[in-house]
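S.K.: Mind looking over this structure? Questions follow.
The values are calculated or read from the model by the stated rules, or taken from the named source; none is laboratory data. Worth saying up front: this structure is predicted, and the values here are computed from it rather than measured. So basically every Cβ, Gly included, is an ideal-geometry build from the backbone, and we count neighbours across all protein chains shown. Just the protein is used for accessible areas: all its heavy atoms, side chains included, with ligands, DNA and RNA removed. Shrake-Rupley method; radii C 1.70, N 1.55, O 1.52, S 1.80 Å.
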Amino acid sequence: MAMFGRDTKKCPRCEAKCLLSQLRCPECGLIFSRMENATNKAGWQRLKNKEKDAVLYVKNVPPDLKKWKLILFTVLFGLFGGGYFYVKRWQRGIVYLLGFILLVVCVVLNGYLVSIWQGALIQLLGFFVGIYGVMWILDIVFVCTGRFKIPVSLPKEESNENSSGC
């Protein structure tokens, strides 16, 4: 991106445009160098403790995760929500898992359901299964192109240390 002929980046917290040379976001005050220490594990702990304000969803893979594992989980186990479970986005992973279970139930009971509902429900379920497949493919594309969002946060002790020094 360019702002007045200069290269820019987006702030991971507020999505404001910032110059590459800026050390902190002018809108929200996030210090960009602190983001190098942010981890997915700390983000999960914060979400577990219901501290949602301290969690950022970033597109860069944090140091405690491996991009190749994220790609592998999304491609091989994406229909089950594998990529979401790997980055500890449990709710979305469970939605994918329930969608896969519904798909399996519909395939197994296909003959019985067609005889009862004369195909109307099957067409509706086929539509939702198609959307489910497109979502899986989009997740693969997002992971491979770096647009997949991962929850991260600074560890609590580092966050407290840095906030008192500002």
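S.K.: Got a number for residues in segment 1-19 being of a type in the set (A, V, I, L, M, F, W, C), open to solvent by less than 100 Å² (accessible area, probe 1.4 Å) and over 24 Å from the mean Cα position of the chain (by Cα)?
M.R.: Of the residues in that region, 3 qualify.
S.K.: With the checklist (1) of a type outside the set (Phe, Trp, Tyr); (2) farther than 16 Å from residue 150 by Cα; (3) open to solvent by 90 Å² or more (accessible area, probe 1.4 Å) in hand, flag the one item residue 91 doesn't pass.
M.R.: (2)
S.K.: State which residue is nearest to residue 66 (Cα to Cα) when the search covers only segment 22-35 and only residues that are open to solvent by 40 Å² or more (accessible area, probe 1.4 Å) and touching a residue at least 12 places away in the same chain (Cβ under 8 Å).
M.R.: 35
S.K.: Which of the numbered conditions does residue 164 fail, given that it passes all the others? Conditions: (1) closer than 20 Å to residue 46 by Cα; (2) open to solvent by 40 Å² or more (accessible area, probe 1.4 Å); (3) modelled with pLDDT of 95 or more.
M.R.: Residue 164 satisfies all of (1) closer than 20 Å to residue 46 by Cα; (2) open to solvent by 40 Å² or more (accessible area, probe 1.4 Å); (3) modelled with pLDDT of 95 or more except (3).
S.K.: When segment 1-39 is examined, which residues are found to be under 24 Å from residue 86 (Cα atoms) and out of contact with any Phe, Trp or Tyr (no Cβ under 9 Å at 6 or more places or on another chain)?
M.R.: Answer for segment 1-39, where residues must be under 24 Å from residue 86 (Cα atoms) and out of contact with any Phe, Trp or Tyr (no Cβ under 9 Å at 6 or more places or on another chain): 13, 34, 35, 36, 37, 38, 39.
S.K.: Any chance you could count how many residues in segment 1-46 are at pLDDT below 85, closer than 14 Å to residue 57 by Cα and in contact with a helix residue (DSSP H, G or I) (Cβ under 7 Å, 6 or more places away or on another chain)?
M.R.: Of the residues in that region, 1 qualify.
S.K.: Which numbered condition in (1) in contact with a strand residue (DSSP E or B) (Cβ under 7 Å, 6 or more places away or on another chain); (2) surrounded by fewer than 17 Cβ atoms within 10 Å (Cβ to Cβ) is the only one that residue 53 fails?
M.R.: (1)
S.K.: Filter segment 60-79 down to the residues that are open to solvent by less than 80 Å² (accessible area, probe 1.4 Å) and over 25 Å from residue 133 (Cα atoms) and list them by number.
M.R.: Within segment 60-79, 62, 64, 65 qualify.
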